[in-house]
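Nothing in this text is a laboratory measurement; each read-out follows from the coordinates by a stated rule. Everything quoted here is computed from the prediction, not taken from an experiment. Here the Cβ positions follow ideal geometry from the backbone for every residue, glycine too, while neighbour counts run over all protein chains shown.
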Amino acid sequence: MKTRSVVVVLAAVFLVSLVASYSLLGPAAPSSVSTSSSSSSVSSSSSASTLCSQPSGVTKVQLPATNFGEVTTYALPQPLKGPNSIVAAPDGSVWFGEVTLRGVAHLFLNGTLVEYAWPSSFVTSTTYCPDLNELWGIVLWHGMVWASDSANDQLVGLIPSNDTFRTIPLANGTLPRYLAIDDAGNLWFTESSTHSQIGVLASPTSAPRYFDVPAGTGEITASILFYNSSLAYVVTVNQSNNAGQVFSFDPEAANPEFLDVGSNQTLLAPYSVAAADGGLWVGEHDASDVAFYNETSSSWSFYPTSLNPEVHLTLPYYLVANGTTVWFNEHDSNRIAELTGTTSLTEFNISSIPLGNPVDGGIGNALTVALEGNLLWFTEWTGNEVGFVNASITPPFSVSSPANSTTTYVSPGASASVPLSVTGSTNSILTVQFSDSEYHTAVPQNLSISSNVTTIDGLSGTRTLEITISAKPGTPPGQYLVLVTVTDSMTYRSVYIPVDVT
């Protein structure tokens, strides 16, 4: 597909942590690891009294669930917990970081929430509230819940059974962020220091090994993805201009060689990657699209999200793959997206309150996601919620078009028509929307897209629409992707239509 034009727009950028599951039934870390315990007083409500206070011990509460369509959310106790970094456990529950608690939490499907505050000794005089957003990594490793503590240059391990914490001190200025476990059970971490390197630990008692990543000046290592035992990817991003790149390497090699993936393409804040459907998917956190690198043809394509009139960019952030399906969050758009192959996209509004609501609206800051079976879990930092999208629930309507499996040819100054079928049963009013891959904003510029029907007032059965795609005179020749979306304002069902301007 044709590389879309890029106008860099700086946005609020948050780093992400890719996560990996490891059974909590594994052995506990040896006693030689630095340990500390918190006073394990259990109460029925949060012991935090202010945003920056540090409670102690374990807190257990019961959270009510809110359901709307395919989405279920759990509102966390006040004050704001700043949930971020999430990983699924083997029993279907999830662990996540609570940044303003300074600790981690365990959430069960029945709404039971158990919070584990870090010892107050982890909170130094230089750790103040704005620094607390450094808890981006969490994994289950060696029978413990491990999290990154960037403010104190350490990794923190929790043994939930006795509320005991153990630490792995790292060098000053390491700034650990993202955590991931390879096929051999080694723990890897990225760093927010501008010395672009990654570290690996064979066990909680082993010394870390470091590998330099040949990134550009000012770039940090943002995330790691393990594709198999001999192939992994590391993402680097320059926090000044958000330009970034992806490197491949062999995690089994004694001195791995880092190879630039698709180096001819500028990527906008590529904080996360996922491997599926014959290539590598990359989230562009300064855009309204996800990038796809076809490893067979060594070419890039850009798949736009649907547009959101309330925000300038949707900001795809963290990706996770399951077979040919790729899930990701749209940070500014309050949506979770499910990309099926390279043909269709479904997006779920994860907030029952519209972004434009003058009283309660706003961006929930969906930051990280984790996949467990049919449930795609997410955290919302400022929304103070944790929730999931249930992929086993079928939305009440769907869209399809034979044009998504062929190429539609359009000459500059001309147009072409393609059919779109909307099928299902719903009393909601459906609207038709459009976006494309011309620019990183996903807003059509040289292509003009319209439909003979703009709204459907309720649906029972199948409704066929005619979509017209026109190319303005002077439209640059090349291949584009047009996204046609039908939505009831909570669920967005879309198809990609390849267009070749000749």
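Placing unit charges on each Cβ (+1 for Lys and Arg, -1 for Asp and Glu) gives the chain a dipole about its Cα centre, and among Pro444, Trp95, Phe292 the Cα reaching farthest toward its positive end belongs to Trp95. Note: relative contact order over the stretch 34-390, using C-alpha pairs below 8 Å and six or more positions apart, is 12 percent. One way to sum up the overall shape of the stretch 397-501 is the equivalent ellipsoid from its Cα gyration tensor, whose semi-axes run 25, 13, 11 Å, largest first. Phi-derived couplings, Karplus 6.51 cos²θ - 1.76 cosθ + 1.60 at θ = phi - 60°, listed residue by residue for the stretch 269-276: 6, x, 6, 8, 9, 8, 9, 6 Hz, with x used for Gly and Pro. Distant-in-sequence amide contacts of Thr164, defined by a placed amide H-H separation under 5 Å and a gap of 5 or more residues or a different chain, comprise Ile159. Remark: the stretch 476-484, residue by residue, has Karplus-estimated 3J(HN,Hα) of x, x, x, 9, 10, 10, 9, 10, 9 Hz, where x stands for each Gly or Pro and the curve is 6.51 cos²θ - 1.76 cosθ + 1.60 at θ = phi - 60°.
Amide H contacts for Tyr317 (H built 1.01 Å from N in the peptide plane; partners 5 or more residues away or on another chain; cut-off under 5 Å): Asn329, His331.
Chymotrypsin sites (Phe, Trp or Tyr not before Pro), restricted to the stretch 436-502: which are DSSP loop and have at most 14 other Cβ atoms within 10 Å?
Working: sites: Tyr439, Tyr480, Tyr492, Tyr496; in loops: none.
Sparse-neighbourhood loop chymotrypsin sites (Phe, Trp or Tyr not before Pro): none present.
Per-residue Karplus couplings for the stretch 162-172, computed as 6.51 cos²θ - 1.76 cosθ + 1.60 with θ equal to phi - 60°, are listed in order as 10, 6, 10, 10, 10, 10, 10, x, 10, 5, 4 Hz, Gly and Pro entered as x. When peptides 81-91, 392-402 are ranked by their average number of other Cβ atoms within 10 Å per residue, the highest-first order is 81-91, 392-402. Averaged over residues, the count of other Cβ atoms within 10 Å places the peptides 299-307, 260-268 in the sequence 299-307, 260-268, highest first. The overall shape of the stretch 34-390, judged from the alpha-carbon gyration tensor, is oblate: a/c is not under 1.5, and a/b is no greater than b/c.
The H on the amide N of Arg335, modeled in the peptide plane, is under 5 Å from the matching H of Glu330, Ile350, each at least 5 residues off or on a different chain.
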